[in-house]
Amino acid sequence: MDKEQRKHEIPMAKQDVLDRIHNFYEVALGYTEEQAMAEAERCLQCPNPRCVTGCPVEVPIPQFIKEIKEGNFLAASKKVKEKNSLPAVCGRVCPQENQCQQMCVLGKMGDPISIGRLERFASDFERRNGVTVPELEKAAVTGKVAIVGSGPAGLTAAADLVKLGHEVVMFESLHLAGGVLMYGIPEFRLPKEIVQSEVQYIKKLGVDVKTNYTIGRIYNIDELFAEGFDAIFVGSGAGLPNFMRIPGENLGGVYSANEFLIRVNLMKGYLFPEYDTPIRIGKKVAVIGGGNVAMDSARCSLRLGAEEVYIVYRRSREELPARAEEAENAEEEGIIFRLLNNPTKFVGDESGWVKGMECIKMELGAPDASGRRRPVPIEGSEFMMDVDTAIIAIGQTPNPLIQRTTEGLETTRHGTIVTQEETGATTKDGVYAGGDVVSGAATVISAMGAGKTAAKSMHEYILKKKAAK
Amino acid sequence: MYKIVTKKELAPNIYLIEVAAADVAAKSNPGQFVIIRLDEKGERVPLTIAGVDFEKGTVATAFHAVGRTTKKLAKMNAGDSITDLSGPLGNPAEVGKFGRVLLVGGGVWCAPLRYVAQALRKNGNKLVVVAAGRTENDMVYENELKAIADEFHVASDDGSKGHEGLGFLADVLKTQKFDYAVAMGQVSLLKKVVDLTRPYGLKTMVTLASLMVDGTGMCGACRVTVAGETKFACMDGPEFNGLDVDFEELVSRQRVYLPEERMASMIHDKLGGGVKRG
């Protein structure tokens, strides 16, 4: 491979934009075997790989890429799974550009190696050819662990702990495990069948998954200890939607992004009436917010048949918190960006349905605590937008149920659980936490990293506890 | 899967089922609800708990077969299983010792109301109970409620049974002093009761079965304005002081999915059980 060739990544095919805006099939189509091997060929196999330092779950990146290069696709998948129990998910939704790929040496002169696409390729290959479960060694000292929440943090902690020989029971409040991977991220970015296949893998490892158990209602944390659990991991996510607290917000046609996405993704509202859950979408949709959730909501709206879909965001393009790739996909699909605008009220028709949204124009002032320039309203610049659906995607905070029902669990004023970063330990003995419930809404992979950290410390905690007995 | 252990028709088109869910039964309290999902393609439907049997490990709930899911459920029988039952959800109803308590239930809601009434009675309250319905055909649990009431009334909107409408309550409220009131029923009934108790400033707890999807605080579909603040019925309720509830907004929010619900219900009726699944 010559120098010039090495500079350029192998592009991944996408569904044509004119087709994909009418369906919920996956947008990105993945590498073929030839493409994957050609991309893998670009990897320099650095003796001190920097990419791995950018990965919160420490996937042995050069090693699995080497397997792909040599055509050992199954071996590549197993290599990834040594550290990452959700590779098909990570290969699709991780922001690799800010993590492993950002560290890649190739990135200095051209495109970094496409680690995410290769990870996706390897795990898709294994899934198509039958997933096998590693033989787990029997551990000498084991305990009983409860995992509360089956999102990325919980799934990772569960997998790591069961591999260490512990008895693991995972509680999920919804009817399907997967957390945000099921209810939040849309089918066209992360097919639900793939999530369920990753959940199946974790079940096959031996994790007992109990759906329909809302911890904090059916059992609280202390009751779980009384049931004989030695340690508990709380990964209950950031499930509580933020609203704007502006007039008209409770009108019909104003959704939280959570409600909208739950109806569409988890309940498959886009297949109503074949599926029982309806979702109503209008002709002109405004999505408020600029993160991935906003992009997902906008792109779902389009696929449900909306004629015009707007992203209304109070800062500028530069501050958009969404992954660049997602914002580009949205734009490509015809989503209209109304930047530096902020809604001030919703107006309804006589039946109580939203028919308009008043916005005010914003400008950027001095940087705020987040380091981004603070948006400031321009006085007298209010204007009306004609909309018949509004989706509020301005962030989520942790669901307070567990915090409210657990004594001795310290929380911040944002409702997140206080933990020691290095261990994931909370202020309550034996209780660990990680993911969005600790960090506030963040990425899948950072939640997985937190799950991994907590699993390590929980293992040590249990060993110590058993030794003391 | 959760097995339906018994099924009883309480009145035309109103059913009571007991479902095997021992863990849920062990933890349920009056005023809480479960969310059921009948099958893989089903919607999540909240149903208020009408009682539990610890020994059998069952949870009882009553439903009026008017929507797609409840119509499908009405066709199922003891021995059949539903895919999901999640609960208990929501906060338990307040059932402390208040003194003289007025309880009003509408139609199918008399079943969960009895569960609350039993607890209130056990805690030493005097109960004045009203079983209301649209017609004599949608009254349930009359005898059961009568048995635990110190004073008992029946009322129907059309006057086919007992008092015609709830107007008589104005006199009851004028002649007796109440310390607490509980109403369970359709939003229209709740509003009527609150309109009657408001002049006395009587704390009137209403159970809001608003549109819920997840039932755990995630979606906000069940948001309702209480004393000027947005609350989630599933997390903060479902029981609220009716004097503080913005009923106008609530009624309008409850209509949101009416067209789709009618359509789904019609499809059910035409195709006898649902659309082609494929």
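One table, with the values for the structure above:
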{"read-out": "Solvent exposure of the protein assembly as shown as accessible area per residue, Å², 1.4 Å probe", "value": "40"}
{"read-out": "Alpha-carbon Rg/Rh ratio, for chain B, with Rh computed the Kirkwood way", "value": "0.95"}
{"read-out": "Net charge over other residues, Cβ less than 10 angstrom from the Cβ of A:THR443 (K, R count +1; D, E count -1)", "value": "0"}
{"read-out": "Overall Cα dimensions of the range B:1-43, principal axis frame, Å, largest first", "value": "31, 29, 19"}
{"read-out": "Interface residues, the range A:262-287 - accessible area loss of 10 Å² or more versus chain alone, probe 1.4 Å", "value": "A:ILE262, A:ARG263, A:MET267, A:PHE272, A:PRO273, A:GLU274, A:TYR275, A:ASP276, A:THR277, A:PRO278, A:ARG280"}
{"read-out": "Contact order normalised by residue count of the range A:336-454, Cα under 8 Å, 6+ apart, percent", "value": "15"}
{"read-out": "Members of A:LYS79/A:LYS204; B:LYS8/B:LYS122; A:LYS204/A:LYS268; A:LYS81/A:LYS108; A:LYS210/B:LYS75 lying beyond 22 Å, as alpha-carbon distances in this model show", "value": "B:LYS8/B:LYS122; A:LYS204/A:LYS268; A:LYS81/A:LYS108; A:LYS210/B:LYS75"}
{"read-out": "Cα-based shape type of the range B:108-182, given that a ≥ b ≥ c are square roots of the gyration tensor eigenvalues and the cut on a/c is 1.5", "value": "oblate"}
{"read-out": "Radius ratio Rg over Rh of the range A:245-370, counting only Cα atoms, Kirkwood formula for Rh", "value": "0.98"}
{"read-out": "Label-reachable residues, the range B:152-174, where backbone N falls under 17 Å from a point 7 Å from B:THR135's Cα toward its Cβ", "value": "B:155-165"}
{"read-out": "Two-decimal ratio, the range A:176-248, of alpha-carbon radius of gyration to 2.2 N^0.38 Å", "value": "1.43"}
{"read-out": "Amide H contacts of A:GLU249 (H built 1.01 Å from N, under 5 Å, at least 5 apart or other chain)", "value": "A:PHE346"}
{"read-out": "The range A:122-258: relative contact order as a whole-number percent, Cα under 8 Å and 6+ apart", "value": "30"}
{"read-out": "Kirkwood hydrodynamic radius over Cα pairs of the range B:117-231, then Stokes diffusion coefficient at 20 °C and 1.002 mPa s, in µm²/s", "value": "136"}
{"read-out": "The range B:1-123 pair-distance distribution - Cα-Cα, 10 Å bins, rounded %", "value": "14, 47, 31, 8, 1"}
{"read-out": "Cα long-axis angle, helix B:187-197 against chain B (0 to 90 degrees, to the nearest 10)", "value": "10"}
{"read-out": "Summed buried accessible area for A+B [probe radius 1.4 Å, Å², rounded to 100]", "value": "4000"}
{"read-out": "Fraction of beta bridges assigned by DSSP in the protein assembly as shown that are antiparallel (%, nearest 5)", "value": "50"}
{"read-out": "Overall Cα dimensions of the range A:312-415 - principal axes, largest extent first, Å", "value": "49, 40, 33"}
{"read-out": "Alpha-carbon centroid distance for the pair the range B:60-103 / the range A:229-265, whole angstrom", "value": "24"}
{"read-out": "Paramagnetic label zone (point 7 Å from Cα along Cα-to-C-beta, B:TYR200; backbone N under 20 Å) in the range B:128-169", "value": "B:128-133, B:146, B:148-156, B:163-169"}
{"read-out": "P(r) weight above 19 Å for the range A:362-425, C-alpha pairs, percent", "value": "64"}
{"read-out": "Relative compactness, the range A:267-339, computed as alpha-carbon Rg over 2.2 N^0.38 Å", "value": "1.14"}
{"read-out": "12 Å beta-carbon shell around A:SER370, net charge (K/R +1, D/E -1)", "value": "+2"}
{"read-out": "Chain A, relative contact order [Cα under 8 Å, separation at least 6], %", "value": "16"}
{"read-out": "Along each principal axis, Cα extent of the range B:140-195, largest first, Å", "value": "25, 25, 19"}
{"read-out": "Mean-position separation - Cα centroids, the range B:143-160 and the range A:1-80, in angstrom", "value": "71"}
{"read-out": "Net charge of neighbours whose Cβ lies under 12 Å from the Cβ of A:LYS144, counting Lys and Arg as +1 and Asp and Glu as -1", "value": "-2"}
{"read-out": "Axial C-alpha extent at least 27 Å, average Kyte-Doolittle at least 0.5 - helices from chain A (DSSP)", "value": "none"}
{"read-out": "1.4 Å probe, heavy atoms, protein only - residues of the range B:15-64 losing at least 30 Å² accessible area vs chain alone", "value": "B:ASP23, B:LYS27, B:ARG37, B:LYS41, B:GLU43, B:ARG44"}
{"read-out": "Potential lengthening between A:LYS108 and A:ALA369 on full extension [0.36 nm per residue; Cα-Cα distance subtracted]", "value": "90.8 nm"}
{"read-out": "Volume per residue that the Cα convex hull of the range A:101-221 spans, once the total is divided by residue count, Å³", "value": "150"}
{"read-out": "Within the accessible area of the range B:66-121 (1.4 Å probe), percent carbon and sulfur", "value": "53"}
{"read-out": "Rotationally averaged projected area of the range A:402-459 (alpha carbon convex hull; nm²)", "value": "3.7"}
{"read-out": "log₁₀ of I(q)/I(0) at q = 0.06 Å⁻¹ - the protein assembly as shown, Debye sum with one point per alpha carbon", "value": "-0.39"}
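The values are calculated or read from the model by the stated rules, or taken from the named source; none is laboratory data. Just so you know, these numbers come straight off a predicted model, no measurement behind them. Backbone-built Cβ (ideal geometry, glycine too); neighbour counts: all protein chains shown. SASA here: full protein model, heavy atoms, side chains in, ligands and nucleic acids out. Shrake-Rupley method; radii C 1.70, N 1.55, O 1.52, S 1.80 Å.
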